[in-house]
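Visitor: Dumping the structure here so I can ask a few things about it.
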Ligand SMILES: [Zn+2]
């Protein structure tokens, strides 16, 4: 039988152990919050939506466009990191949409992105890409899967997405020292007001990093969209057509 002293010792141990566990759980949640994607329940099974979307064609647009020249970002600058969540189950639909974890942009947008990445190195950050060019059929899947109250966060396939033109990029910053993605006021693809580019909440550090990213991107001809701090359109998007080419068909 334990004496009173031992009982007290054990209870202190137990309490500090519990406190440590709570602390660990809390910090893990904070740390992981940015890494685990926001989820919705798709309106219909994604496999069904994929089969339908693949049978359809993008809207035909009048006018003349520049010849597409999609460039793989990491080939232009290997210090650009990738976290292509649509190629994994860690995305808002909880199932892979891409068969390859790759990111492309039309050449002038890709070159502008490389300049932004280099500028950010001076501040100790690099760019981490969540998405670039997105085939049109994937935009159609997103739209058909998303409930009406959240459709403001997805592009209508009837007009296409800037991603379909290879002129939009979803991205954040990573710390050059640790290689880790930094915390921003919301996680990527979070469908809440915390995602808004002018959301006033979050910590000072989160807002400062969001501002730094925006400043570096704007300097190179990109503009943020009001509903998503991570999404930037390239200024010349009107010159490029909506594409429906799969990553597999873009070559190695
Ligand atoms: Zn986007």
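The values are calculated or read from the model by the stated rules, or taken from the named source; none is laboratory data. It should be emphasised that the depicted structure is a prediction, and the values quoted were computed from it without experimental measurement. Heads up, the Cβs are rebuilt from the backbone with ideal geometry, glycines too, and the neighbour counts pull from every protein chain shown.
Visitor: Checking the structure you have, find out if any residue of segment 140-163 is away from the ligand (no atom under 16 Å from the Cβ) and in contact with a helix residue (DSSP H, G or I) (Cβ under 8 Å, 6 or more places away or on another chain).
Guide: Checked segment 140-163: at least one residue is away from the ligand (no atom under 16 Å from the Cβ) and in contact with a helix residue (DSSP H, G or I) (Cβ under 8 Å, 6 or more places away or on another chain).
Visitor: State whether the residues of segment 171-189 include one that is within 11 Å of the ligand (Cβ to nearest atom), under 13 Å from residue 210 (Cβ atoms) and at pLDDT 95 or above.
Guide: For segment 171-189, residues within 11 Å of the ligand (Cβ to nearest atom), under 13 Å from residue 210 (Cβ atoms) and at pLDDT 95 or above: present.
One line per residue, one yes/no per condition, for (1) within 16 Å of the ligand (Cβ to nearest atom); (2) within 21 Å of residue 84 (Cβ to Cβ); (3) not in a loop (DSSP other than H, G, I, E, B):
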residue: 201; (1), (2), (3): no, no, no
residue: 207; (1), (2), (3): no, no, yes
residue: 213; (1), (2), (3): yes, yes, yes
residue: 217; (1), (2), (3): yes, yes, yes
residue: 248; (1), (2), (3): no, yes, yes
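Visitor: From the list 197, 122, which one is over 26 Å from residue 99 (Cβ atoms) and within 13 Å of the ligand (Cβ to nearest atom)?
Guide: Answer to the check: 197.
Visitor: On to the next question. Kindly establish whether residue 93 is within 21 Å of residue 188 (Cβ to Cβ) and surrounded by 15 or more Cβ atoms within 10 Å (Cβ to Cβ).
Guide: Answer is yes for this residue.
Visitor: Moving on. Which count do you get for residues in segment 98-117 that are touching a residue at least 24 places away in the same chain (Cβ under 8 Å) and either surrounded by fewer than 22 Cβ atoms within 10 Å (Cβ to Cβ) or farther than 30 Å from residue 46 by Cβ (or both)?
Guide: Here the count works out to 12.
Visitor: Do we have any residue at all in segment 166-183 that's in contact with a strand residue (DSSP E or B) (Cβ under 8 Å, 6 or more places away or on another chain), within 20 Å of residue 52 (Cβ to Cβ) and either without any contact (Cβ under 8 Å) to a residue 60 or more places away in the chain or surrounded by fewer than 16 Cβ atoms within 10 Å (Cβ to Cβ) (or both)?
Guide: So far as segment 166-183 goes, no, none of its residues is in contact with a strand residue (DSSP E or B) (Cβ under 8 Å, 6 or more places away or on another chain), within 20 Å of residue 52 (Cβ to Cβ) and either without any contact (Cβ under 8 Å) to a residue 60 or more places away in the chain or surrounded by fewer than 16 Cβ atoms within 10 Å (Cβ to Cβ) (or both).
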